[in-house]
Amino acid sequence: MWYDTLVCNCVQTTFLGVCNMENENQKKVILSGIQPSGELTLGSYLGAIKNWVKLSDEYECYYMLADLHSITVRQNPADLRRRTLTQIAAYIACGLDPEKNTIFIQSHVPAHAELGWVLDCYTMFGELSRMTQFKDKSAKNADNINAGLFTYPALMAADILLYQADLVPVGEDQKQHVELTRNLAERFNNRYGDTFVIPEPLVSKVGAKIYSLQDPTKKMSKSEENPKGTIDLLDEPAVARKKIMSAVTDSLGIIQYDPEHQPGVSNLLTILSSLNGESIESIVERYKGKGYGDFKKEVGAAVFDFLSELQAKYKEILSSGMVEQVITEGNEKARRSAHKKLMKVKKKVG
Ligand code: AQP
């Protein structure tokens, strides 16, 4: 599988970090999360959640709803409250098994904010100023460049270090934050003795990056303003199919994977391949000499089927009342684990 090639970080960091593998049978720990900053998109699923599901058997996984991070950008309170439930229901509908994974809400575990503050005091202004996401997000939110947006990476470090995560599944754009987390953990360990496991970023080789259907050079984002550019997991399947039919392509008329010259077609190839499991080469082969119309119809049908099945499960999960129970149990387990680490940190700091 795509993550098999990773080296256990305990081999590399025994001298600097706490090893999670004292007992051979103990699973390595994974932590990841998605901000409830908008409705989950096909990009959230294909780029993150689909891979989380694959990791569930092999690792001890903590998956959170990163609501503290989401308020670095202004959110409508009612929408944020609603998404707290619906996003967890969507995680489960996407295949995350609450029996195998700890699913929780970041703000319900106060240790995140507390360790975040401690780490703020060990993070240098210059380090935070170099974060490219801060530069990008401040450009996008020029009227609200708040301190939270600036110190967000220290809170992300707290999220990761509280659970002794060995691996953090992230997109390329978040690798820099995991690097900062490693530096902070090493800095802390050097000063106070072994406290934190040094995490590794887990950048998926197959996890797809999905682009906007209307501007295929830009990532498909939850907060995208043009609804035609995104496929939300809760879009009516017929509406989503229509969005695929009107996706921006090009005038070359050849179906091939060439993100530089044909970003739109390449994006549709990635979507189809990720949904039906067929290789991009094989799809390209099938469409030799054929036009965009037939190709888009097949992509649209795959998206329609995927959403129909997902939404049926989602409705069942929401009406069953299981979400509240999953949150209660997940929060409790996360709190226990995080509290232990926070107490250790407080003791060391004095
Ligand atoms: N389009 C995408 N393609 C591949 N992966 C994606 N992810 C998000 N969109 C795509 C992956 O989802 C994880 C968590 O995302 P996040 O919500 O914490 O932050 P984000 O990457 O900033 O997501 P958005 O949708 O773009 O949010 P907004 O609009 O609020 O900025 C990450 O692993 C990310 O790679």
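The values are calculated or read from the model by the stated rules, or taken from the named source; none is laboratory data. Note that the coordinates shown come from a computational prediction; the quantities given were computed from them, not determined experimentally. A quick note on method: Cβ atoms are made from the backbone with ideal geometry, for glycine too, and the neighbour counts reach across all protein chains shown. Accessible surface areas use protein heavy atoms only, side chains included; no ligands, DNA or RNA. Shrake-Rupley method; radii C 1.70, N 1.55, O 1.52, S 1.80 Å.
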Practice prompt. Could you look through the range 316-335, keep only residues that are among the charged types (D, E, K, R) and surrounded by 12 or more Cβ atoms within 10 Å (Cβ to Cβ), and pick out the one that is farthest from Ala90 (Cα to Cα)?
Written response: Arg335
Worksheet item: When residues of the range 128-170 are filtered for being assigned to a loop (DSSP other than H, G, I, E, B), touching a Lys or Arg at 6+ places or on another chain (Cβ under 7 Å) and within 16 Å of the ligand (Cβ to nearest atom), how many remain?
Response: 1
Response to the item:
Inside the range 112-134, the number of residues satisfying the requirement of being open to solvent by 10 Å² or more (accessible area, probe 1.4 Å), in contact (Cβ under 8 Å) with a residue 60 or more places away in the chain and within 30 Å of Ser56 (Cβ to Cβ) is 1
Worksheet item: If you go through the range 240-253 one residue at a time, how many are in contact with a strand residue (DSSP E or B) (Cβ under 9 Å, 6 or more places away or on another chain) and free of Cβ contacts under 8 Å to residues at least 60 places away in the same chain?
Response: 0
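Select the strands (runs of 3 or more DSSP E) contained entirely in the range 28-127, then report the ones holding at least 3 residues which are not hydrophobic (A, V, I, L, M, F, W, C). Quick ask: steps written out before the conclusion?
On the way: elements: 29-34, 60-65, 101-105.
In the range 28-127, 60-65 are the strands (runs of 3 or more DSSP E) which contain 3 or more residues that are not hydrophobic (A, V, I, L, M, F, W, C).
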Worksheet item: Looking at (1) crowded, with 23+ Cβ neighbours inside 10 Å; (2) at pLDDT 95 or above, which is the one condition that is false for Tyr192?
Response: (1)
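Out of all the residues in the range 84-92, is one or more without any contact (Cβ under 8 Å) to a residue 12 or more places away in the chain and surrounded by fewer than 21 Cβ atoms within 10 Å (Cβ to Cβ)?
no
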